[in-house]
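For reference, the structure discussed in these notes is given below.
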C-alpha cells in the first residue's frame, strides 16, 4: 500500500537567501510558518568549505563508535574527532558555521534573538545507511519521528535546527516529512504509557537523565517511540519524500515536524534550545498542544 502524500506547499516556506548575512527582509510569514511546523527552505544557501576542510569529509574523521562530531560554541569544546591533529581545523569549521547561523537567526528570525541558547554544532560524515547497522528501532532515524531525547529532557523547551547539505559529490539529503504535530499527537497519545514521577526523580538522581523528566518529556518520548515502532504507520502514514540538494539549507523545529532521514552523506547542523514562551505564538508549541489534548498541565 502506497502512503498518501502531503503537498510540498503545505510543508515548506521558501526564502531565496544566497548569503548568511541576510539580505532578505524579515518575514512574519516565515516565522509563522516555522511555528506552525513548516520547514523554512533555503535552497540557495550553501556553506562552502576550503580545501583543508574538504579533506575532513571522510568517515575516518569521526572517532570509532560515534555518530558525529559535536562542537559547543560557548565552551569551545569539541568531541568525536578521531585524530587530535584534526581538532583545530574541525573546530574552526564548526565555529564558522555557528557564527553564520547566529547571523542568519538575527536576520531571518530576529524574534528569537537573545532567547535561543545552548548552541551545539554537528558535523555528520557517515552515510545515513550506516546509522541503521546495529541500531535498535528507537535509534533508527530513517523512521518517521519527532525529536525527543531519553537522557536530555527539554522540560517544554523547543528544539530548533538549521541543516546544511555540504556533500561534495552532488548527493541530496533525502527526508520523509510527516503529518502535522496535532494529528500525530492525537493518533499516538494513547500509546505513551503511564508516567511515574517517582521513577523520573530516581533516574535524575542516578544521572540517567541530565534533568528531571517531566510529564511533557514522558509524552514526547512516548510519541517518538510509538511512531517509530508502528510499522504500518511508517509505510502508510501521511507523508512526503523531499530532497535537499548540496548547497542548500533548511530550518525546522524538529520536536514538532515529523521527519525521517532516508539517504545522504555530509551535513552541518546547528541545534538550539528555545523556551516555548519566547515563541511569537507559544500556543503552537508541542507543550501547549499536548496540554490542550490531555486537559492537564504538563510541567
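Numbers below:
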{"read-out": "Scope the range 157-204; condition at positive phi and touching a helix residue (DSSP H, G or I) at 6+ places or on another chain (Cβ under 7 Å); matching residues", "value": "193"}
{"read-out": "Qualifying residue in the range 216-233 (condition: buried (at least 21 other Cβ atoms within 10 Å of the Cβ), in a loop (DSSP other than H, G, I, E, B) and either touching a residue at least 60 places away in the same chain (Cβ under 8 Å) or more than 20 Å from the chain's Cα centre (by Cα) (or both))", "value": "no"}
{"read-out": "Selection count, the range 194-215, where residues are touching a residue at least 40 places away in the same chain (Cβ under 8 Å) and either within 30 Å of residue 243 (Cα to Cα) or outside any helix (DSSP H, G or I) (or both)", "value": "7"}
{"read-out": "Residue count, the range 53-79 (criterion: in contact with a helix residue (DSSP H, G or I) (Cβ under 6 Å, 6 or more places away or on another chain) and over 18 Å from residue 270 (Cβ atoms))", "value": "0"}
{"read-out": "Conditions (1) over 24 Å from residue 55 (Cβ atoms); (2) loosely packed, with under 15 Cβ neighbours inside 10 Å; number of the one not met by residue 130", "value": "(1)"}
{"read-out": "Whichever residue in the range 257-299 is outside any strand (DSSP E or B) and closer than 24 Å to residue 100 by Cβ and, among such residues, is nearest to the chain's Cα centre (by Cα)", "value": "257"}
{"read-out": "Residue that is surrounded by the most Cβ atoms within 10 Å (Cβ to Cβ) [pool: residues in the range 61-79 that are more than 19 Å from the chain's Cα centre (by Cα) and assigned to a loop (DSSP other than H, G, I, E, B)]", "value": "63"}
{"read-out": "Criterion: modelled with pLDDT under 95 and in contact with a helix residue (DSSP H, G or I) (Cβ under 6 Å, 6 or more places away or on another chain) - qualifying residue of 25, 3", "value": "3"}
{"read-out": "Criterion violated by residue 239 - all others in (1) farther than 25 Å from residue 116 by Cα; (2) crowded, with 18+ Cβ neighbours inside 10 Å; (3) touching a helix residue (DSSP H, G or I) at 6+ places or on another chain (Cβ under 8 Å) satisfied", "value": "(3)"}
{"read-out": "Residue in the range 52-60 that is in a helix (DSSP H, G or I), touching a strand residue (DSSP E or B) at 6+ places or on another chain (Cβ under 8 Å) and in contact (Cβ under 8 Å) with a residue 24 or more places away in the chain present", "value": "no"}
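Condition check ((1) farther than 28 Å from residue 226 by Cβ; (2) modelled with pLDDT under 95) across all residues:
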{"site": "71", "(1), (2)": "yes, no"}
{"site": "93", "(1), (2)": "yes, no"}
{"site": "116", "(1), (2)": "yes, no"}
{"site": "129", "(1), (2)": "no, yes"}
{"site": "144", "(1), (2)": "no, no"}
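The values are calculated or read from the model by the stated rules, or taken from the named source; none is laboratory data. For clarity, every value in this text was computed on a predicted model and none was experimentally measured. Using ideal geometry, Cβ is built from the backbone for each residue, glycine included, and neighbour counts are taken over all protein chains shown.
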